[in-house]
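Read the figures in this text as sums done on the coordinates, not as results from a lab. The structure displayed is predicted, hence computed values, not measured ones. Cβ placement follows ideal geometry from the backbone for every residue including glycine, while neighbour counts extend to all protein chains displayed.
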Amino acid sequence: MGRRDEEGVAPELDLPAPATGEPAIGEKEPPPHYHGHRDRLRARFLNQGPEALQDYELVELLLFQAIPRRDVKPLAKELLARFGSFWALVSAPVPVLRDEFKLSDAAIGAIKVVAAAALRMAKRELLDRPVLSSWQKLLDYCQGTLAHEQVEQFHVLFLDGRHALLRDEVQQRGTVNQTAAYPREVLKRALELGASGVILVHNHPSGDPSPSRADIQMTKAVVDAAKALEITVHDHLVIGRGRHFSFRAQGLL
């Protein structure tokens, strides 16, 4: 038995406080467990390059600055599972990211700036260079621009006499499965820009790039009208998800 004091009451023993997970008074609270993970992930990215990271880890890096007080690994994996790929995620519509995942504007901005930067660099690779000899770069640019759009868009790439890209312009935006392209408007703009050739490009939101009867008829109308003006229609590309259809390659031009 413990020793009692003069009043007969046992003195309080100086026992260690029970482990509650809370820091003792005067102690500094330890950093959250994910802080070390963030530091290690950044170091691996900087020292070994992006190839050393999985897609969800790249998404984590995007979210770190926008969401400083949360473990973002589960969110990064959830976003990739929802959209299917890194590029589909950064191309995702803003309302979906905001409404479905409750992401802040800061987080959405961190995600969307990646797509904007990638497309700007891809376009820069095409400007003032012969597009027809950089065909894979052109396809990559068209895929990045249109493959994940939710509605059809009809673009015209205007080329100069050296086949270098002058402009990429959206001529029409349609519904989820159709768009109207007007040959007269396409050729009027080509004359305004002094273009000697065009490449027609539009997307199919369904992901299937197979051309419709309307696509084929519209292409023929543009080609016929362009001949009279000595403007060459080099191709019509239909962009799906990860696939494309080339009218020229399939003998339709």
Please tell me the relative contact order of the range 33-120 in percent, rounded to the nearest whole number, where contacts are Cα pairs under 8 Å and at least six residues apart. 26 percent
Using a cut-off of 28 Å between alpha-carbon atoms, which lysines can reach residue 112, once sequence neighbours fewer than 8 places away in the same chain are excluded? 73, 77, 102, 123, 137
Semi-axes of the range 191-233 from the Cα gyration tensor (sqrt of 5 times each eigenvalue, largest first, whole Å) come to 24, 13, 6
Within the range 169-253, list the GluC sites (Glu not before Pro) lying in a DSSP loop whose Cβ has at most 15 other Cβ atoms in a 10 Å radius. 230
Three-way shape call for the range 130-246 based on the alpha-carbon gyration tensor, with the a/c threshold at 1.5: oblate
Can you list the residues, at least 5 places off or on another chain, whose amide H is less than 5 Å from the amide H of residue 233, using H built in the peptide plane? 198
Provide the FRET efficiency to the nearest 0.05 for the residue 225-residue 53 pair, computing r from the beta carbons and using R0 = 45 Å. 0.35
Counting other Cβ atoms within 10 Å, which trypsin sites (Lys or Arg not before Pro) in the range 125-196 have at most 14 and lie in a DSSP loop? 162
Span from the the range 33-85 Cα centroid across to the the range 228-245 one, whole angstrom: 38 Å
At residue 243 and residue 117, where each label point lies 7 Å from the Cα along Cα→Cβ, what is the point-to-point distance in nanometres? 3.3 nm
FRET efficiency for residue 105 and residue 85 from the Cβ-Cβ distance with R0 = 25 Å, rounded to 0.05, comes out at 0.60
Above 18 angstrom, tally the Cα pairs of the range 46-192 and express them as a % of all pairs, no decimals. 65 percent
Computed Rg/Rh for the range 33-120 (Cα atoms; Rh = Kirkwood radius) stands at 0.95
